[in-house]
Amino acid sequence: MFYRLVLIRCCAFLSLALLFMRCGRSDLSMGAVTDPALLQVNIVVHRRVCYDGNSSSIKAYLKDQSGKTVANRAIQIRANGHPLRLNNGSSNYYGAFPYYELLAGSDESVRGGETYVFTMILTDGKEYEVGRIQAHPDLTTQQLALPADHSRKKPLQVNWQGVEPGNYWLSLWKRWQGETTHSQMTVSKISETKNQWGSIIEEEGSADQADYITIDVGTGSGSHLIPVSYLKGPKARFNALSLMLTSIKTIKITESFRAGSDITSEHSTFYRVNVID
């Protein structure tokens, strides 16, 4: 059920995907770096809200003019004053790809609706503001209300309002300012296996593309009707629906740093609806 999320992230962060197609590290990983114009910085602020628990992360990627990764321990990146740790990354066919990250369990873990200001301190001790972004606020039941249980014999009406704040003209103005935002919901099917006491011991998402529905969510109010035909097939048997709403906002960084620099807020909310006969 999670490969759809991976697909969304790959499409949204094409510039970051190119990072992992480069071999080797930049020469800027060693020695003095005193000019921010030498660096492209891409920061991702992620928050995941799920029925089984929440998680969050902040990661920053640095590249030079050739697209090679920069991992210089003398360069500091801070989120609201909290330093990010340099993680050398795991190795794969292309090599190891480092990034800067907020430590798990940090007091500055991502919270819905909070504003995050990022700064960078170069090797000469000078500090530069990278930019700021407001993380997507957590959704309320007034914005998206779903039943806990739903009959597979009836269509399911999904209603939302105010998921994307503002209106068309505000969105157009923000786009002109270098800010883009988009929300998308993915519906999929889950099969459960329970033990003799009724506890779930295994969950499996469908591998059939026909068991996935993608819904674009815009500003204002909207709705989508999931038909009975979807609830009856083609997967032979399933117990629940997974509804994942992902909102992605990207702000371009136009000063000091290299072209292509940006900050992204990604907010994923998971909902679950039990399907009953």
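The values are calculated or read from the model by the stated rules, or taken from the named source; none is laboratory data. Please read all numbers here as calculations on a predicted model, not as lab measurements. Note that we place each Cβ from the backbone using ideal geometry, even for glycine, and neighbour counts take in every protein chain shown. Please note that ligands, DNA and RNA were not included when accessible areas were found on the heavy atoms of the full protein model with its side chains. Shrake-Rupley method; radii C 1.70, N 1.55, O 1.52, S 1.80 Å.
On the basis of being more than 16 Å from ILE253 (Cβ to Cβ) and at pLDDT below 95, does SER15 make the cut? Step through it out loud before you land on a result.
On the way: more than 16 Å from ILE253 (Cβ to Cβ): no; at pLDDT below 95: yes.
Criteria not met by SER15.
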Expected output for the stretch 245-267 (first residue under 16 Å from ALA60 (Cα atoms), partner open to solvent by less than 10 Å² (accessible area, probe 1.4 Å) and of a type in the set (Gly, Ala, Ser), Cβ below 6 Å, 6+ apart or cross-chain) is LYS249/SER265; ILE253/SER261; SER265/ALA135
_It is to be established whether one or more residues within the stretch 213-227 are over 26 Å from the mean Cα position of the chain (by Cα) and at pLDDT 90 or above._
yes
Selection over the stretch 37-91 where residues are within 15 Å of VAL130 (Cβ to Cβ) and of a type outside the set (Phe, Trp, Tyr) yields a count of 25
Scan the stretch 254-262 and tell me whether some residue there is modelled with pLDDT under 95, within 16 Å of TRP160 (Cβ to Cβ) and among the polar types (S, T, N, Q). no
- Message: Considering only the stretch 114-121, I want to know if a residue exists there that is within 14 Å of ASN80 (Cβ to Cβ), assigned to a loop (DSSP other than H, G, I, E, B) and without any contact (Cβ under 8 Å) to a residue 60 or more places away in the chain.
- Response: yes
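What residue, among those in the stretch 206-257 that are out of contact with any strand residue (DSSP E or B) (no Cβ under 8 Å at 6 or more places or on another chain) and in a loop (DSSP other than H, G, I, E, B), is surrounded by the fewest Cβ atoms within 10 Å (Cβ to Cβ)? Step through it out loud before you land on a result.
Start the filter on the stretch 206-257 by keeping residues that are out of contact with any strand residue (DSSP E or B) (no Cβ under 8 Å at 6 or more places or on another chain), which leaves 207-210, 227-229, 232-234, 236, 254-255.
Add one more test, that the residue is in a loop (DSSP other than H, G, I, E, B), and what stays is 207-208, 227, 233-234, 236, 254-255.
Details: ALA207: 10, ASP208: 12, PRO227: 11, GLY233: 13, PRO234: 11, ALA236: 6, THR254: 12, GLU255: 11.
The selected residue is ALA236.
Would you check which residues across the stretch 119-149 are open to solvent by less than 30 Å² (accessible area, probe 1.4 Å) and in contact with a helix residue (DSSP H, G or I) (Cβ under 9 Å, 6 or more places away or on another chain) and list them? Even if it seems obvious, please write down each step before you answer.
As a first pass, look at the stretch 119-149 and keep what is open to solvent by less than 30 Å² (accessible area, probe 1.4 Å): 119-122, 130-131, 133, 135-136, 144.
Of everything in the stretch 119-149, those that are open to solvent by less than 30 Å² (accessible area, probe 1.4 Å) and in contact with a helix residue (DSSP H, G or I) (Cβ under 9 Å, 6 or more places away or on another chain) turn out to be MET120, LEU122, VAL130.
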